[in-house]
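The values are calculated or read from the model by the stated rules, or taken from the named source; none is laboratory data. Because the structure is a prediction, the values reported are computed rather than measured. Heads up, the Cβs are rebuilt from the backbone with ideal geometry, glycines too, and the neighbour counts pull from every protein chain shown. Only protein heavy atoms, including side chains, enter the accessible area calculation; ligands, DNA and RNA are left aside. Shrake-Rupley method; radii C 1.70, N 1.55, O 1.52, S 1.80 Å.
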Amino acid sequence: MANQTKPVLHGYFRSSCSWRVRIAFALKGVEYDQVPINLIRDGGQQVQYRFAGFLSVQYVQYLNHYKPGPRLLPADPKKRAQVRMISDLIASGIQPLQNLYVIQKVGAEKMQWSHHFIDRGFQALEPILKQTAGKYCVGDEISMADICLVPQVYNAERFKVDVGQYPTIKRLNQALLEIEAFKVSHPSCQPDTPDDLRA
């Protein structure tokens, strides 16, 4: 990257945003330090310490530009546009609706709310991926779209969405979870993962 200071990731083991960045770091071979920020304890430590909202997709694009290694955005303009479209659909259209802050406001109906909006998002995403996917979301190279997909499928499973209804999403997720960068960044093996959720 532009400067050689070791990056510090302030994150939460189960945060989609944190996980996206962890995957990108692993794919790029970036060593980094983690500072756990508990999104639940003390009313949410991210509020207490005034952490700004983390724009993980933009950071992945920045990392892609400055750090050599696997390209996370394709060189081909059409494929690059497809990667951005899929990433935006997930990171802006699906994930925020089951964000912790939102579901806390929803209250007792949070499971149904999250299930509904993830299902709705996957109904839009599945036909797109049928058109763009090869081995991964867009063709046969891992991209930012894959980095966004895996954390979202994890959330879908947490909220009891039947991912089997979406065969392309399910296939891609299974293939990606076999890759080391996705394994080491998984919520089940982070420094702040609770013991009962460890792999």
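Compactness of the chain was expressed as the Cα radius of gyration divided by 2.2 N^0.38 Å, which yields 0.99. Using a Gaussian network model of the chain whose springs link C-alpha atoms within less than 10 Å, name the residue from Lys78, Lys183, Lys28 with the highest mean-square fluctuation. Among Lys78, Lys183, Lys28, the largest mean-square fluctuation in the Gaussian network model of the chain belongs to Lys78. Stretching the chain fully between Gln131 and Val163 yields a gain of 9.7 nm (0.36 nm per residue, less the alpha carbon separation). At a probe radius of 1.4 angstrom, the accessible area of segment 2-197 per residue rounds to 52 square angstrom.
Does anything in segment 76-119 have its amide N under 15 Å from the 7 Å Cα→Cβ label point of Leu55, and if so which residues? Under cut-off, by backbone N: 88, 91-92.
The residues packed around Pro187, meaning those with a beta-carbon under 13 Å from its beta-carbon, carry a net charge of +3 if Lys and Arg are +1 and Asp and Glu are -1. Element breakdown for the chain at a 1.4 angstrom probe: carbon and sulfur atoms account for 52% of the accessible area.
Between His65 and Gln112, the contour length at 0.36 nm per residue exceeds the alpha carbon distance by 13.0 nm.
With a cut-off of 10 Å between beta carbons, the residues surrounding Ile147 carry a summed charge of +1, where Lys and Arg count +1 and Asp and Glu -1. What is the percent of Cα-Cα separations in segment 59-111 that go past 18 Å? Everything past 18 Å amounts to 51 percent.
Averaging Cα coordinates gives a centre for segment 161-199 and one for segment 6-25; these two points are 14 Å apart. If you count Lys pairs in the chain whose Cα atoms are under 13 Å apart, skipping same-chain pairs closer than 8 places in sequence, the total is 5.
Please build a GNM for the chain, connecting alpha carbons under 10 Å apart, and tell me which residue among Gln82, Gln152, Gln131 fluctuates the most. Checking each option, the largest mean-square fluctuation is seen for Gln131.
Highest mobility in the GNM of the chain, judged by mean-square fluctuation with C-alpha springs under 10 Å and restricted to Asp76, Asp88, Asp140, is found for Asp76.
You can think of it this way: the chain between Cys189 and Gln123 has 20.7 nm of extra reach, that is 0.36 nm per residue less the Cα-Cα gap. Among the trypsin sites (Lys or Arg not before Pro) in segment 92-150, those placed in a DSSP loop whose Cβ has at most 16 other Cβ atoms within 10 Å are Lys135. Based on DSSP H segments of at least four residues, each scored -39500 (n - 2.57), the chain has a per-residue ellipticity at 222 nm of -15500 deg cm²/dmol. In plain terms, the bigger the Kirkwood radius, the slower the diffusion; for segment 80-179, with that radius from Cα pairs, at 20 °C and 1.002 mPa s, Stokes-Einstein puts D at 158 µm²/s.
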